[in-house]
Structures are given as structure tokens and as C-alpha cells.
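Heads up, the thing below is written out as C-alpha cells.
The values are calculated or read from the model by the stated rules, or taken from the named source; none is laboratory data. These figures come from a predicted structure and were not determined experimentally. Here the Cβ is made from the backbone with ideal geometry for all residues, glycine too, and neighbour counts use every protein chain on show.
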Amino acid sequence: MAKVGLREWLAIAPVIASGRLSRYGGSAGSPLNRFESDFSAAFGVQHTLVVSSGTGALIAALAAAGIGPGDEVLVPAYTWIATAAAPLAVGAVPVLVEIDQSLTIDPADILRKITPNTRAIIPVHMANVVCDMDAIMQIARDHNLLVIEDACQAVGLTYKGRKVGTIGDAGAYSFNQFKNINVGEGGAIVTNDDQLFARARMYHDIGAVFRGHLDNANAPLIPGINLKASQIQGAMLNVQLKKLTPMLRRMRQRYEAMADILTSRGGLRLIPQHDPTNAAGLHVVFDTEEEARDFATRNKRGVHRVYDSSRHVYTFWQPILEQRTVHPKLNPYAWAARPMDYSPKACPRSLDILKRTCRITVGENYPLVFMRYMARRMVKDWGMPLAPYTTNPGLT
Ligand SMILES: *Cc1c(COP(=O)(O)O)cnc(C)c1O
């Protein structure tokens, strides 16, 4: 993540002094408007709409795309729980799809999970690792499905030269504290579809009807909710956007240096990448879950087994597994054409892969030499047996 500091602090001062903190009511050159046009230009997309969170961005994108009761939305078994919760918020149900060894949604399993009720796919670019977008877009075209990219964890990464999030029908980004662009809380929707943008803008702002947007793409009025961001977020976003490219460059340098040490000196195996020239999320895969656990145990700093960050593994998504929603009569599962399977048997391959894979922190804010040192330390004793767990060696 890009650090938040003095420059953000200086950027919010004039906004506070102006007293114009709300989304609308400021000038056309407001910080949020400026960010949206700069972001669109930098990401090569027609429309950007800043919202209050990545979760809100996903929900607004699904609502804008007209997804609702009776619809099935394909989501990967490995993601932040928000990806699975978003379809429920618009009355649709999430259908779990296996990931493959790239840690992203498996196109072959997408094909197996498609039913006549499937309306959309949400591929998730997890932990700065990008999805197999060519295969996903081809499947979507063949089966007339919408693609809403969840690029919350990969803001700024590219797939074959295009920014992830801008390839599907719509994309969702998060700008929360742990993401590549960090303003504490925030998000954005991007799309090249004028209608979808107009509907997302109405959905994210119940007051849209009174704003006099002149470019409403002839989209009929719909009542929305309120997912608006403030100009304080806008001012910080403008600073953070400038930090994004240099930060990704630092991440990429450390990725390359560490990957080289881990593979050539340590004989470790990296996960496959769908765009190797642009990969920034560093993961190693082992043959057995014991090896992965062993590697993570030996390297407490900077390494964790992916399965152990359990909140991203579907078998830990309690409210989803229980298929409970805010009100019993407002339950998308009652409107679905068939029962959903969220049991451990639903995606066994994903669980196996997550238990055999470790994520290595790329530490983009640390010096390159330090990250090289960390990588060398990780492989130094790798392959040697761990010291036996004897508490009193004198007795043997
Ligand atoms: C962070 C995240 C979200 C949601 O973002 P918030 O801004 O926290 O609401 C959605 N999907 C993924 C994959 C995420 O990592």
C-alpha cells in the first residue's frame, strides 16, 4: 500500500478551509471530479465513479447491471467475503467457483458452474495477482454473461497491457487502508458503458434525480441509496493516485529480486501468473500442505500460508454459509432456482491449493537490499529438517 503522510495532510487542508466537503455542491473542479477524470485517463476507461467502499462499488455495479432475484453470480472460493455478499445485496445468489494454482478463478470450473440462471461472473484479482481475463471474457461472450471485475486487491495492475478492472463490463476498486491506493475507506466503479455508469451514479446517490446530470444516457430514473464519498477522500485520492505507479514499480522490483533468489537458490516453485511481465503478488506453492506449513512456520516474518488468512477462504464465511439474510422474506436463496452448495465439498481443489501455497510479503516500503536479505534468509535452511521437538535432550 502507498503510505499516507504529509502530502495527503496538506491536500485536505484547503478542502476543509473551503467548507465544501460534500460530494455535490462544490465546483466542477472539485477534488473528486478531478480524481475521476484523472483516474479515467490513467486507466484508459470512459467513466469512473468514486464511492464509499469497494463493497459498495461491487453492489452498485451489480445493481447498475440489472442483476437481481433469481440470478446466479459466479464468484471464486478464495476472495474477501464482500465479493460473495455483494450479489446477495441485490437479491441474487453467489455460486462458488474453484480457483486454480494461479489463486484466481478457474475458467474450466466457470464452464462447469454455468446454469440457465447464471447472469454474471465476478473474477477477483487477488493479492496483486491477475486473472486469466482472455479465457474469462471468451466464456462470457459465448454464454452471454456480464463480467464485473473485482480489482479491489490489484488497483493499477495490468493484464496484457490493460488495467485490470477496465476489461470486463464494469470493474470495482477498493481504496481502504490495505489496498494499493489507501485513503482509509473508499472505492470506485469503472465502466465504458454509458447506461451502466448512469445507473451506478443514480444507485450510489439517492439525490441524483435533483443533480441535473445532463449526460444520463436516457437511463430511466431509479431510486438508489447513498454510497457517496466526501471531498476529503477526493483530496487524498489525488495524492495517492500520483504515488500508485512508483509504488507498483517498487513492488515489481522487489518481486523480481525475491523471486529470483527463492527459485534459483532455494529451488522453490512460484505460482503461475497470467501476465508474468506484470506480476507483483509473490506466492510459492508446495507439493504438500505440511511443507507449506513448515515454510510459513520457519519464516514468521513476511510469510504466511494462504489458507491461514482464513477470512479469504469460503469455508470461513459464516453468514454466507448459513444462507441467512437481513430479513427472512428478503432472502435471495428463496428466489433462487435451486439450492446452493457451500459445503467443504463444493470447492475441494481450492482448499487443497490454499493449504499448499504461501504468500510472501513484497515489502515495497522497505529497501530492496533488505527484501533480498529476507528472501535469502527464507531459503537458507529450507530443506533441512526442523530441530526435533525435544524438551529435554539430556534424557535421550
Ligand atoms: C477489500 C476488498 C473488497 C471490499 O473493499 P472495501 O473497500 O473494504 O469494502 C472487495 N473485494 C476484495 C477482493 C477485497 O480485497
Within the stretch 299-334, work out how many residues are under 24 Å from the mean Cα position of the chain (by Cα), within 30 Å of Arg376 (Cα to Cα) and in contact (Cβ under 8 Å) with a residue 24 or more places away in the chain.
11
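Considering each of Ala346, Ala337 in turn, give the residue that is touching a residue at least 40 places away in the same chain (Cβ under 8 Å), among the small types (Gly, Ala, Ser) and closer than 30 Å to Leu268 by Cα.
Details: Ala337 fails: closer than 30 Å to Leu268 by Cα.
Checking each option against the conditions leaves just Ala346.
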Residues that are surrounded by fewer than 18 Cβ atoms within 10 Å (Cβ to Cβ) and of a type outside the set (Lys, Arg): find the helices (runs of 4 or more DSSP H) completely inside the stretch 290-362 holding 3 or more of those.
318-321, 332-335
Is it the case that the stretch 214-226 has a residue that's surrounded by 23 or more Cβ atoms within 10 Å (Cβ to Cβ) and assigned to a loop (DSSP other than H, G, I, E, B)?
no
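Can you pull out every residue in the stretch 67-119 that is assigned to a loop (DSSP other than H, G, I, E, B) and more than 18 Å from the chain's Cα centre (by Cα)?
Within the stretch 67-119, the first condition is being assigned to a loop (DSSP other than H, G, I, E, B), and the residues that meet it are 67-71, 77, 79-81, 90-92, 98, 100-104, 106, 114-117.
The answer is Ile67, Gly68, Pro69, Gly70, Asp71, Val90, Gly91, Ala92, Ile114, Thr115, Pro116, Asn117.
How many residues, within the stretch 157-182, are in a loop (DSSP other than H, G, I, E, B), within 14 Å of the ligand (Cβ to nearest atom) and closer than 25 Å to Gln101 by Cα? I'd like the intermediate steps shown before the answer.
The first filter runs over the stretch 157-182 and keeps only residues in a loop (DSSP other than H, G, I, E, B), leaving 157, 160-161, 164-169, 175-182.
Those left that are additionally within 14 Å of the ligand (Cβ to nearest atom): 157, 164-165, 175-182.
Now drop any that are not closer than 25 Å to Gln101 by Cα, which leaves 157, 164-165, 178-180.
Count: 6.
Scan the stretch 103-119 for residues that are under 30 Å from Met251 (Cβ atoms) and either within 16 Å of the ligand (Cβ to nearest atom) or touching a Leu at 6+ places or on another chain (Cβ under 8 Å) (or both) and jot them down.
Taking the stretch 103-119 and keeping what is under 30 Å from Met251 (Cβ atoms), we get 103-110.
Scanning the stretch 103-119 gives Leu103, Thr104, Ile105, Ile110.
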Would you mind finding the one in Ala108, Ala64, Ala92, Ala120 that is hydrophobic (A, V, I, L, M, F, W, C), closer than 23 Å to Asn176 by Cβ and modelled with pLDDT of 95 or more?
Ala64
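Can we say Ala154 is in contact (Cβ under 8 Å) with a residue 24 or more places away in the chain, outside any helix (DSSP H, G or I), within 11 Å of the ligand (Cβ to nearest atom) and touching a Ser or Thr at 6+ places or on another chain (Cβ under 9 Å)? Spell out the reasoning first.
On the way: in contact (Cβ under 8 Å) with a residue 24 or more places away in the chain: yes; outside any helix (DSSP H, G or I): yes; within 11 Å of the ligand (Cβ to nearest atom): yes; touching a Ser or Thr at 6+ places or on another chain (Cβ under 9 Å): no.
No.
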With the checklist (1) in a loop (DSSP other than H, G, I, E, B); (2) more than 16 Å from the ligand (Cβ to nearest atom) in hand, flag the one item Asp134 doesn't pass.
(1)
Scan the stretch 183-199 residue by residue and report those that are within 14 Å of the ligand (Cβ to nearest atom) and either crowded, with 23+ Cβ neighbours inside 10 Å or of a type in the set (Ser, Thr, Tyr) (or both).
Val183, Gly186, Gly187, Ala188, Ile189
If you scan the stretch 47-64, which residues turn out to be out of contact with any helix residue (DSSP H, G or I) (no Cβ under 6 Å at 6 or more places or on another chain) and either among the polar types (S, T, N, Q) or away from the ligand (no atom under 14 Å from the Cβ) (or both)?
Ser52, Ser53
Considering residues of the stretch 137-151 that are part of a strand (DSSP E or B) and among the charged types (D, E, K, R) only, the residue nearest to the ligand (Cβ to nearest atom)
Asp150
Enumerate the pairs (first residue in the stretch 261-274 and more than 22 Å from Asp100 (Cα to Cα); second residue anywhere and in a loop (DSSP other than H, G, I, E, B)) with beta-carbon separation below 7 Å, excluding pairs fewer than 6 apart on the same chain, so at least 6 apart or on different chains.
Gly266/Trp382
List, please: which pairs have Cβ atoms under 6 Å, are six or more places apart or on different chains, and start with a residue in the stretch 163-190 that is of a type in the set (D, E, K, R) and end with one that is within 12 Å of the ligand (Cβ to nearest atom) and in a strand (DSSP E or B)?
none
Consider only pairs whose beta carbons are under 6 Å apart and that are at least six residues apart or on different chains; among these, list those whose first residue lies in the stretch 105-120 and is farther than 14 Å from Ile67 by Cα and whose second residue is charged (D, E, K, R).
Asp106/Glu98; Asp106/Asp100; Pro107/Asp132; Asp109/Glu98
Report the residue count in the stretch 189-205 for those that are in contact with a Lys or Arg (Cβ under 8 Å, 6 or more places away or on another chain) and part of a strand (DSSP E or B).
1
